[in-house]
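The values are calculated or read from the model by the stated rules, or taken from the named source; none is laboratory data. Quantities reported herein were computed from a predicted structural model and do not represent experimental measurements. When we count neighbours, we look across all protein chains shown, and the Cβ atoms used for this are built from the backbone with ideal geometry, even at glycine.
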């Protein structure tokens, strides 16, 4: 089933981590397997923030293979070595769990080559690479993941998130949402639904040099939009194309460093409730997610079939 | 299918205001206003509409509220006001009693589903599948509604003053759904009986695969679904629409004579191959 949520404050920075946590926790019943956050904050003086993992959470319910911490240490060393070879300078590094890291790096060359090199290390995946995006995902509900990664105090303007019920792929971080729009920095996607054209679209994108890290159909949307944007197609245009070119039932949210978008398939088979005011847009699979931000009586509506909307910060 | 034992050929009958006594395989029993006991379910409570109370559900789960509603009905409360529903799911479901129920705010999914008899007013909006499987009664939603509004209803009046999402009245088998605004894709999908009135515009595939029933549209229709066809609006239709909208208190100055009437083309299913009695029941 899965639950998705997103919000964007126009011209205002707030405690975005806490707000999204509350929204996603309200949607826990739609998907308790994993939770993911894509938070857009103030960045770090124009340097890249790279969130990556070198292994999986092997806790209860995980479908991942158990590995020793020393394996993670070895992979981290390889990543550090590759960064040096690429000419990237590590400004700051944090180890958040035994298998996941947050690096601030200085780098000014091609991101695709960069990503390929880093992800050549076994089990290593860049979760996000951007100047304002911080993408965090792990097993458990919104409160669990937020506490684990200290997201409650993260400030920012907008965010999207996902509570996942694993259906077509494993219970692991690799298949959890959001997905980074590799290799387009600061772009992320969350999705509720099923894409029936997954393999056709994936093969076409792979022929164009795009990479897939999972077999989760939702990743396709992120890669699809990133490929469009790499070719200079505006986000909204790419999203409108997706309504025609992707087959299945879906509602998805996409975020970039300064915008938040929503698209719904032509069958309108997946839910989305929208609240819009002059200074805030909030979306959720169910209204109860929005009610965590706005407990007072508000006007909301369901976007219609084939509808695409994009808002700016 | 049912045999019609008694059919009166009158204007009221054509408008659906008749009483029928059905025999045969069907379990369906039509309402007979001359039999007072038909007003109540066995075990239903006699409530006093002047006996009024309020329940705040800000800190209550849907299970707690629904249990509370049952106990208040049992105590004879005929008017219950529910405060701060805050979009919670499955509130006010399974009420098989006469009751005046008011929700001050918005409800989530499956609001007032499987009800039979109460009059419900919701001052906010509702999520997906409001009043699903409603048998009788009246539900008024003051703002917008999500998808599957009135899915599989069997009777009663379901009114949304705002706009509704996709698949409104999917699989409905009776009753009337009235929409003050627009409706999304697949409105009236596979409907089998009953009527839908939409004062605004509709999305694509209106009335797709409908078996029977009627849809009236005041605005534009993006496209008709498979087997949905336009039919002539009769004077009886116009009289019925006027009366229905007046009772529902929507579209008071709406010119119903310009509405478009959509019915089933009956080409998807070969009705001619049905046995005569079944054919009669299907029509």
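One line per residue, one yes/no per condition, for (1) within 12 Å of chain A (Cβ to nearest Cβ); (2) modelled with pLDDT of 95 or more; (3) over 13 Å from the mean Cα position of the chain (by Cα); (4) not in a loop (DSSP other than H, G, I, E, B):
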{"site": "B:147", "(1), (2), (3), (4)": "yes, yes, yes, no"}
{"site": "B:158", "(1), (2), (3), (4)": "no, yes, no, yes"}
{"site": "B:164", "(1), (2), (3), (4)": "yes, yes, yes, no"}
{"site": "B:167", "(1), (2), (3), (4)": "yes, yes, yes, no"}
{"site": "B:185", "(1), (2), (3), (4)": "yes, yes, yes, no"}
{"site": "B:189", "(1), (2), (3), (4)": "yes, yes, yes, no"}
{"site": "B:212", "(1), (2), (3), (4)": "no, no, yes, no"}
{"site": "B:216", "(1), (2), (3), (4)": "no, yes, yes, yes"}
{"site": "B:226", "(1), (2), (3), (4)": "no, no, yes, no"}
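Within region B:219-232, the residues that satisfy the criterion of being surrounded by fewer than 17 Cβ atoms within 10 Å (Cβ to Cβ) and farther than 13 Å from residue B:203 by Cβ are B:226, B:229, B:230, B:231, B:232.
If the condition is being over 19 Å from residue B:89 (Cβ atoms) and free of Cβ contacts under 8 Å to residues at least 40 places away in the same chain, then region B:157-167 contributes B:162, B:163. Of all the listed residues (B:112, B:139), the sole one being in contact (Cβ under 8 Å) with a residue 12 or more places away in the chain, part of a loop (DSSP other than H, G, I, E, B) and either within 14 Å of chain A (Cβ to nearest Cβ) or surrounded by 24 or more Cβ atoms within 10 Å (Cβ to Cβ) (or both) is B:112. Scanning region A:204-226 for residues that are crowded, with 21+ Cβ neighbours inside 10 Å and under 20 Å from residue A:118 (Cα atoms) yields A:219, A:222, A:223, A:226.
Of everything in region A:251-269, what is within 14 Å of another protein chain (Cβ to nearest Cβ) and either at pLDDT 95 or above or not in a loop (DSSP other than H, G, I, E, B) (or both)? Give them in sequence order. Scanning region A:251-269 gives A:251, A:264.
Is it fair to say residue B:98 is closer than 19 Å to residue B:247 by Cβ, in contact with a helix residue (DSSP H, G or I) (Cβ under 8 Å, 6 or more places away or on another chain) and surrounded by fewer than 24 Cβ atoms within 10 Å (Cβ to Cβ)? Spelling it out, residue B:98 is indeed closer than 19 Å to residue B:247 by Cβ, in contact with a helix residue (DSSP H, G or I) (Cβ under 8 Å, 6 or more places away or on another chain) and surrounded by fewer than 24 Cβ atoms within 10 Å (Cβ to Cβ). Of all the criteria given as (1) farther than 21 Å from residue B:183 by Cβ; (2) surrounded by fewer than 18 Cβ atoms within 10 Å (Cβ to Cβ); (3) within 14 Å of chain B (Cβ to nearest Cβ), the one not satisfied by residue A:233 is (3).
Of the numbered criteria (1) assigned to a helix (DSSP H, G or I); (2) at pLDDT 95 or above, the one residue A:29 fails is (2).
Just give me the residues in region A:90-115 being closer than 21 Å to residue A:182 by Cα and in contact with a helix residue (DSSP H, G or I) (Cβ under 9 Å, 6 or more places away or on another chain), in sequence order. Those that are closer than 21 Å to residue A:182 by Cα and in contact with a helix residue (DSSP H, G or I) (Cβ under 9 Å, 6 or more places away or on another chain): A:90, A:99, A:100, A:101, A:102, A:103, A:105, A:107, A:109, A:112, A:113, A:114.
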